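Let me begin by presenting the structure, written as structure tokens, before commenting on it.
The values are calculated or read from the model by the stated rules, or taken from the named source; none is laboratory data. Quantities reported herein were computed from a predicted structural model and do not represent experimental measurements. Positions of Cβ are backbone-derived with ideal geometry, glycine not excepted, and every protein chain shown enters the neighbour counts.
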Amino acid sequence: MRRLEARVALVTGASRGIGAAVARRLGVEGASVVVNYAGRADAAAEIVAAIVGAGGSAIAVQADVSDPAACAALVEAAVDHFGRIDILVNNAGITRDGLLVRMSDDDWRAVIDTNLSGAFYLSRSVGKLMMKQRSGSIVNMASVVGMMGNAGQVNYAAAKAGLIGMTKSIARELAGRGVRVNAVAPGFITTDMTDALSDTARESAVSSIAMGRLGTPEDIAATVAFLASDDAGYITGQVIAVDGGMTYA
């Protein structure tokens, strides 16, 4: 099924993990994809090659989303190449874990600037385009940590909770122009971040999940593709937890 035929998607942080899975899935669904990356040009090129090899269209564009000027240049590059942006997936994110009393100012700012401010900069720029088009879908990558908190991740939790509030606020502002804004809140997903967990930590995580397993990047990508498509045409301002039953709202 190619639900996103003739649409253009910009996915940030798309060179690895969840972002890469989202970019590939949107490509399979028919979208032309702008694969944003911060530093791993080789990995981004592999994602582009995979999408093109499957019959899709994609380009890679480097940008540090914590820099508003870089975000503006990223949007400009996407529009120059494809002519429009129909889907924005604010996925780029970093972690700088540490307990509150030991967390440095730099570690606080780095996570807020990338995970929260970056989504703001891009939503502001792309939102203007979508309002003129009177159509579009923005999907923000939140986290269950933003809903329930997590010791050692004050910065990350604050950024993700902020992203949830931002999602709901922007959804209210743009709904009248045909633009939908939603968030996906992944639980424990098998990425390089969770690969770094000890066996004990992994077992503890799995024991907290009703379905008894970690999720996959493809689980998240499927939800993003749904929210980006017309199948979710009457859904906006929502946060969908994709966590195997780890949380129940």
Could you pull out the residue among L74, L88, L100 that is touching a helix residue (DSSP H, G or I) at 6+ places or on another chain (Cβ under 7 Å) and crowded, with 20+ Cβ neighbours inside 10 Å? L88
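Suppose we keep only residues that are at pLDDT 95 or above and of a type in the set (G, A, S) within segment 149-167. Which one would you say is surrounded by the fewest Cβ atoms within 10 Å (Cβ to Cβ)? Don't jump to the end; show me each part of the working.
First, the residues of segment 149-167 that are at pLDDT 95 or above: 154-167.
From the residues that got through so far, the ones that are of a type in the set (G, A, S) too are 157-159, 161-162, 165.
On the way: A157: 20, A158: 18, A159: 27, A161: 18, G162: 18, G165: 13.
So the residue we want is G165.
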Only one of V65, V33, V52 is closer than 18 Å to V8 by Cα and touching a helix residue (DSSP H, G or I) at 6+ places or on another chain (Cβ under 8 Å), namely V33
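Results for (1) touching a Gly at 6+ places or on another chain (Cβ under 7 Å); (2) of a type outside the set (G, A, S); (3) surrounded by 12 or more Cβ atoms within 10 Å (Cβ to Cβ), shown as yes or no for each residue.
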{"residue": "T216", "(1), (2), (3)": "no, yes, yes"}
{"residue": "A225", "(1), (2), (3)": "no, no, yes"}
{"residue": "D231", "(1), (2), (3)": "no, yes, yes"}
{"residue": "I235", "(1), (2), (3)": "no, yes, yes"}
{"residue": "Q238", "(1), (2), (3)": "no, yes, yes"}
{"residue": "G244", "(1), (2), (3)": "yes, no, yes"}
{"residue": "Y248", "(1), (2), (3)": "no, yes, no"}
Return a yes/no flag: does segment 121-134 have any residue that is surrounded by fewer than 19 Cβ atoms within 10 Å (Cβ to Cβ), closer than 21 Å to I18 by Cβ and either in contact with a strand residue (DSSP E or B) (Cβ under 8 Å, 6 or more places away or on another chain) or aliphatic (A, V, I, L, M) (or both). no
Give just the number: which of (1) over 17 Å from A225 (Cα atoms); (2) surrounded by fewer than 24 Cβ atoms within 10 Å (Cβ to Cβ) does S15 not satisfy? (2)
As an exercise: evaluate A44 against (1) at pLDDT 95 or above; (2) surrounded by fewer than 24 Cβ atoms within 10 Å (Cβ to Cβ) and give the number of the one condition it does not meet. (2)
Those residues of segment 122-145 which are within 28 Å of D219 (Cβ to Cβ) and free of Cβ contacts under 8 Å to residues at least 60 places away in the same chain amount to S123, G127, M130, S135, G136, I138, N140, S143, V145
Looking for whichever is of a type in the set (V, I, T) and in contact (Cβ under 8 Å) with a residue 40 or more places away in the chain here; the options are I87, I51. Which one fits? I87
